[in-house]
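The values are calculated or read from the model by the stated rules, or taken from the named source; none is laboratory data. These figures come from a predicted structure and were not determined experimentally. Cβ coordinates were reconstructed from backbone atoms using ideal geometry, including for glycine residues, and neighbour counts include every protein chain displayed. Note: areas computed on protein heavy atoms with side chains; ligands, DNA, RNA excluded. Shrake-Rupley method; radii C 1.70, N 1.55, O 1.52, S 1.80 Å.
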Amino acid sequence: MHGSAWPPPRLEVPGLLLRRWSQDDAELLQDAISESYERLREWMPWAREAPSLDKQRAYLQSAARTWADGVEYAYGMFDPGQTAVLGSVALYARVGPGALEIGYWVHSAHTRRGLASTATALLTDVAFTLPGIERTEIHCDPANIASGGVPRTLGYRLDRVQDRDPALFGEPGHEMVWVMTRDAYKGSEAWRRAHADGVR
């Protein structure tokens, strides 16, 4: 899925730093998930059980392995001083050949600031730097209005609503699948945000 230098371990825009998770982030991650738990448990399968520091350490070990294996590239969202976790965003190689899925969550105290949209725009851009990637996808519950607003804002197209995997979510339901193609990307709002002044 990637070459030795891909993807970049760090991306930065004014007010927001994305970087590859480190094992040293366990306590900050635990704080963020604990403070956002009541909202996260509504939408995130991994948040069905109460968070703990041991679980965060195990997740960060797993994130290091999946990054090395090229199946998941997970970034923490941090304030510029890296004193707090604002959320997380990731690229997943789980939607078939030529495609990557983008997933995200934001700390409940930092919603409505455009963080998920900005982070998703940056990872959309990263995805299309990889030869062979022709589309990116975002999957979200139709009832999750905030999550669904991200692809809509960035110019993604709602491709379909499909049954979601009950083995993953623990119950039947539906999910929206939003798609951005390589051809549609340039000139989209996602492209504009990823190429704005101050991005590095």
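Overview of values
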read-out: Computed over segment 104-154, the ratio Rg/Rh where both radii use C-alpha atoms and Rh is Kirkwood; value: 1.00
read-out: Equivalent ellipsoid dimensions for segment 27-79 as semi-axes, Å, which come from the Cα gyration tensor, largest first; value: 20, 12, 11
read-out: Under 5 Å, built H, 5+ apart or other chain: amide partners of LEU86; value: MET77, PHE78, ASP79
read-out: Segment 1-106: radius of gyration and largest Cα-Cα distance (Dmax), Å; value: 13.7, 39
read-out: Inter-label distance for VAL95 and SER22, nm, one decimal - labels placed 7 Å from Cα along Cα-to-Cβ; value: 3.1
read-out: The chain - accessible surface per residue (Å², probe 1.4 Å); value: 50
read-out: Estimated dipole of the chain in Debye, rounded to 20 [Cβ of Lys and Arg +1, of Asp and Glu -1, Cα centre]; value: 500
read-out: Considering only the chain, percent of DSSP beta bridges that pair antiparallel, nearest 5; value: 90
read-out: Most mobile listed residue (TRP67, TRP178, TRP46) in the chain, GNM with C-alpha springs under 10 Å; value: TRP46
read-out: Computed over segment 50-197, Kirkwood Rh from alpha-carbon pairs, angstrom; value: 16.2
read-out: Percent carbon-and-sulfur accessible area, segment 1-157, ignoring ligands, DNA and RNA, probe 1.4 Å; value: 52
read-out: 3J(HN,Hα) from dihedral phi, segment 69-82, Karplus parametrisation 6.51/-1.76/1.60, rounded to Hz, x for glycine, proline; value: 7, x, 10, 7, 10, 9, 10, x, 9, 10, 5, x, x, 6
read-out: Under 18 Å from the ALA64 label point (7 Å along Cα→beta-carbon), backbone N, segment 72-111; value: 72-76
read-out: Positive dipole terminus of segment 45-135, leading residue within GLY132, ALA68, VAL106 (C-beta point charges); value: VAL106
read-out: Karplus-derived 3J(HN,Hα), 6.51/-1.76/1.60, for each residue of segment 38-51, Hz, glycine and proline x; value: 4, 7, 5, 5, 5, 10, 9, x, 6, 9, 5, 9, 4, x
